[in-house]
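Working notes, structure below.
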Amino acid sequence: MSSSSQGREPTVSGFDFTAAMRHVCQSLVADLPELAHIDLSRVAIGFRQARRRGMSGVQATLTPLRFAAGSRVTVRRGRPWRIDSIRDEAGREMLYLLSFYLPRFLETPLEERLVTTLHELWHISPAFDGDLRRFAGRCYAHSHSRDGYDREMAVLARRWLAARPDLAGHAFLRWELGEIRRRHGPIHGLKFRTPKLRLVADAERAS
């Protein structure tokens, strides 16, 4: 199976966005019992360039790297498919890819950034098996109400903020994009190719 590497970036000056967001996610997982099932060492974190500027549009996505119940293979129209893998420097396979869209994500206020991040982390299955958290019914990803889903994330965000009023180590969450650049210089971080679905025979030939 083809794979993307989660290798280290060369040392460069500026603001390492993905390292900063990994630190934020580590704090969220450590502080919120609802996220205690997440092992961030198995979650790749990267950024993507938003195609259009402005507040509207996708700010972040979570890509599961396994299928229902953690299966490596899914069957569609009678044919077996696998998804490209992502591995870290030690060769360990990642179970999820969390991607932030820049500059859009950094053009939103503090609480919205946290709600967006929690929204994606909440998609991770409680079994932490590479699959999504699945709600009952047709809208299995967000339950019956996406607005209700995000209201719950806002409650978690406010609870986390109340526990960390000074945002020690996460001050950039309060800063606008221009302020981050003024303080730290250019923004950089890890990027990953979008994992693709491949027929099992094709994936095995590419591995």
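The values are calculated or read from the model by the stated rules, or taken from the named source; none is laboratory data. As the structure is a computational prediction, the values presented were derived from the model and not from experiment. We place every Cβ from the backbone using ideal geometry, glycine too, and count neighbours over all the protein chains shown.
Flag set for Arg82, criterion: over 21 Å from Gln49 (Cβ atoms), part of a strand (DSSP E or B) and in contact with a helix residue (DSSP H, G or I) (Cβ under 6 Å, 6 or more places away or on another chain). Just one residue in the set Ala60, Ala50, Ala68, Ala44 is farther than 22 Å from Thr117 by Cα and either surrounded by 11 or more Cβ atoms within 10 Å (Cβ to Cβ) or among the acidic types (Asp, Glu) (or both); that residue is Ala68. A single member of Arg183, Arg198, Arg193 is of a type in the set (D, E, K, R), in a strand (DSSP E or B) and surrounded by 11 or more Cβ atoms within 10 Å (Cβ to Cβ), and it is Arg198.
Screening the stretch 71-92 for residues that are in contact with a Lys or Arg (Cβ under 9 Å, 6 or more places away or on another chain) and under 24 Å from Leu28 (Cα atoms) and picking the one that is surrounded by the most Cβ atoms within 10 Å (Cβ to Cβ) gives Ile86. Whether a residue is at pLDDT below 95 and outside any loop (DSSP other than H, G, I, E, B) was assessed, and Val58 does not pass this test.
Filter the stretch 146-180 down to residues that are part of a loop (DSSP other than H, G, I, E, B) and aliphatic (A, V, I, L, M) and give me whichever is surrounded by the fewest Cβ atoms within 10 Å (Cβ to Cβ). That would be Ala168.
Among the residues of the stretch 4-55, those identified as over 23 Å from Gly130 (Cβ atoms) and at pLDDT 95 or above are Phe15, Asp16, Phe17, Ala19, Ala20, His23, Ser27, Asp31.
Scanning the stretch 85-118 for residues that are in a loop (DSSP other than H, G, I, E, B) and in contact with a strand residue (DSSP E or B) (Cβ under 6 Å, 6 or more places away or on another chain) yields a single hit, Met94.
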